[in-house]
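J.: Pasting a structure below so you can have a look.
The values are calculated or read from the model by the stated rules, or taken from the named source; none is laboratory data. What you see is a predicted model; the values in this text were computed from it and never measured. Here the Cβ is made from the backbone with ideal geometry for all residues, glycine too, and neighbour counts use every protein chain on show.
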Amino acid sequence: MFLPKENNTIIWGSACLAEDTEICMADGTFATIQNSVGKEIWTDQQGTRKIRRIHKFDTLETDPPLYGIGGNWVTEFHFIWGRMDSKWQRVVVLRGVNKAKRKTPKGPVFAVELDTDDYLPLRGGIQAATFGNCLIIEPLRQGYTQDFRFKIDQALRIRPLQKAHIIEWHHGGVGHRLDGSLILDTGCIKPPQRTMREQEMDSNATSICHQPKQRVYRECGRCRKPEAKLKCACLATHYRDTQCQREDMPQHRQDCTYMILKEINLIQSQLQQHKATH
């Protein structure tokens, strides 16, 4: 949590976009929020701007309403770049001028996180704030700290969700107090949802772990009885005991790779000694 919660504190709703909001891509086409992850957006700034992550927040019917601005539905406290005043303003301030329509949120709202802090181009030429560019909009507001992105990444790394494209939050994960200070409770980030395949793999792994370990029985190279635990140096033949091994030695010596190699080394050593003395 970035700021401690206070008792009896009135909280604004999260400053986010509705699900059907469309973003202007770098090629001039429009894409819905959930279909824009990893894509470059249109910008008049130098360099490129790519959508890094989407944050999805649960809503309740008691949350602040959504307002339509230029064909886009946004929460009333979202920041929009004002065309007349040329400064960042909340939709709640602009609604009187634009006579914006109003409706109750009936689904999740979304915040877009870019790889480089900047505004988000929407339909109707609207420029909306993104999740993380608070320093650009209101650098002196409480809660808009320099380590904003670091704390988000740290919370996602713990879960682990640092590579996820869409981050889901429980209701109450983000909001603003009446004084404009930011509230961000990273404890409300939902854990990653496991797929059916991953759950099946976990189930199979658990069942395998609980199965009793089966003993492997080897046949004695001499008497052909099971439970041969004594192993020859060649690792190919097993015996029940030393007696079986001694009795089988004349026959096994012809096939035992260990004994054959041992005899070859002995002959080579004898030849070298003979050459050295003659």
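J.: Give the residues of region 19-45 that are in contact with a Cys (Cβ under 7 Å, 6 or more places away or on another chain) and not in a loop (DSSP other than H, G, I, E, B), sorted by residue number.
T.: In the first step, residues of region 19-45 are kept if they are in contact with a Cys (Cβ under 7 Å, 6 or more places away or on another chain); the result is 30, 41-42.
Across region 19-45, the qualifying residues are Phe30, Ile41.
J.: Pull out all pairs, ordered by first then second residue, where Cβ-Cβ is under 6 Å, the residues are six or more apart or on different chains, the first lies in region 108-126 and is among the hydroxyl-bearing types (Ser, Thr, Tyr), and the second is at pLDDT 85 or above and in a strand (DSSP E or B).
T.: If the second residue must be at pLDDT 85 or above and in a strand (DSSP E or B), the pairs left are Thr116/Arg49; Tyr119/Gln127.
J.: Next question, about the same structure. Of everything in region 24-47, what is in contact (Cβ under 8 Å) with a residue 60 or more places away in the chain and within 24 Å of the chain's Cα centre (by Cα)? Give them in sequence order. I'd like the intermediate steps shown before the answer.
T.: The initial filter retains those residues of region 24-47 that are in contact (Cβ under 8 Å) with a residue 60 or more places away in the chain, namely 24, 30, 33-34, 36-38, 41-43, 45, 47.
Correct list: Ile33, Gln34, Ser36, Val37, Gly38, Ile41.
J.: Every residue in region 228-267 that is of a type in the set (A, V, I, L, M) and not in a loop (DSSP other than H, G, I, E, B), please.
T.: We begin by selecting, within region 228-267, every residue of a type in the set (A, V, I, L, M); these are 228, 230, 233, 235-236, 249, 259-261, 264, 266-267.
Within region 228-267, Leu230, Met249, Met259, Ile260, Leu261, Ile264, Leu266, Ile267 qualify.
J.: Got a number for residues in region 149-193 being modelled with pLDDT under 85 and assigned to a strand (DSSP E or B)?
T.: So the answer is 7.
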